[in-house]
1. Scanning the range 71-100 for residues that are surrounded by fewer than 12 Cβ atoms within 10 Å (Cβ to Cβ) and farther than 13 Å from residue 21 by Cβ, which turns out modelled with the lowest pLDDT?
2. Determine the pairs where a residue that is free of Cβ contacts under 8 Å to residues at least 24 places away in the same chain, located within the range 25-38, has a partner that is outside any strand (DSSP E or B) with Cβ atoms under 6 Å apart, the partner being 6 or more residues away or on another chain.
3. Which condition number does residue 12 fail, the rest of (1) at pLDDT below 95; (2) assigned to a helix (DSSP H, G or I); (3) surrounded by 12 or more Cβ atoms within 10 Å (Cβ to Cβ) being met?
4. If we keep just the residues of the range 24-49 that are touching a strand residue (DSSP E or B) at 6+ places or on another chain (Cβ under 6 Å) and in a loop (DSSP other than H, G, I, E, B), which is farthest from residue 75 (Cα to Cα)?
5. Across the range 50-63, what is the total count of residues that are touching a residue at least 24 places away in the same chain (Cβ under 8 Å) and either in contact with a helix residue (DSSP H, G or I) (Cβ under 9 Å, 6 or more places away or on another chain) or part of a helix (DSSP H, G or I) (or both)?
6. Residue by residue through the range 51-63, note down the ones that are over 16 Å from residue 26 (Cβ atoms) and surrounded by fewer than 21 Cβ atoms within 10 Å (Cβ to Cβ).
7. Can you name the residue in the range 66-87 that is in contact (Cβ under 8 Å) with a residue 40 or more places away in the chain and assigned to a helix (DSSP H, G or I) and, of all such residues, is nearest to the chain's Cα centre (by Cα)?
8. Looking at (1) in contact with a helix residue (DSSP H, G or I) (Cβ under 9 Å, 6 or more places away or on another chain); (2) over 21 Å from residue 91 (Cα atoms), find the lone condition where residue 76 falls short.
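The values are calculated or read from the model by the stated rules, or taken from the named source; none is laboratory data. On a predicted model such as this, the values are computed, not experimentally measured, just so you know. All Cβ positions, glycine included, derive from the backbone under ideal geometry; neighbour counts span all protein chains shown.
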């Protein structure tokens with residue numbers, strides 16, 4: 001019985017280790033080519049141009065750049081400062097809600 005309990009505790013510990021950080025963050029929607037350079041309103045035109053040329057949207061908070069797992073949710077916010085609710089796992093963001 002102790003072996004099963006130990007196994008359950010081990011599995012639960014591993015699950016917690018790989019669980020994402022759920023929350024709300026404010027930053028800019030930039031492009032993967034420019035990254036942290038897109039952490040301001042003046043970068044909006046460049047971000048739109050780079051994404052149209054094939055770069056992917058990213059979320060920039062301070063000096064941290066997150067890839068976006070569901071970029072269709074930020075398509076109308078390229079270059080803008082937004083508040084995002086979702087889950088960050090490693091350097092990837094799963095967006096639940098985007099707002100200004």
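1. Taking the range 71-100 and keeping what is surrounded by fewer than 12 Cβ atoms within 10 Å (Cβ to Cβ), we get 72, 75-76, 90-91, 97, 99-100.
Restricting the remaining residues to those that are farther than 13 Å from residue 21 by Cβ gives 72, 75-76, 97, 99-100.
On the way: 72: 96, 75: 95, 76: 96, 97: 96, 99: 91, 100: 82.
The residue in question is 100.
2. These pairs meet every condition: 33/50; 33/55.
3. (3)
4. Here the residue is 39.
5. Filtering the range 50-63 down to residues touching a residue at least 24 places away in the same chain (Cβ under 8 Å) leaves 51, 55-63.
Right, trim to either in contact with a helix residue (DSSP H, G or I) (Cβ under 9 Å, 6 or more places away or on another chain) or part of a helix (DSSP H, G or I) (or both) and you get 51, 55-60, 62-63.
Here the count works out to 9.
6. 52, 53, 54, 55, 56
7. Step one: list which residues in the range 66-87 are in contact (Cβ under 8 Å) with a residue 40 or more places away in the chain, which gives 74, 77-87.
With the extra rule that they be assigned to a helix (DSSP H, G or I), the set shrinks to 74, 77.
Values: 74: 11, 77: 14 Å.
It comes out as 74.
8. (1)
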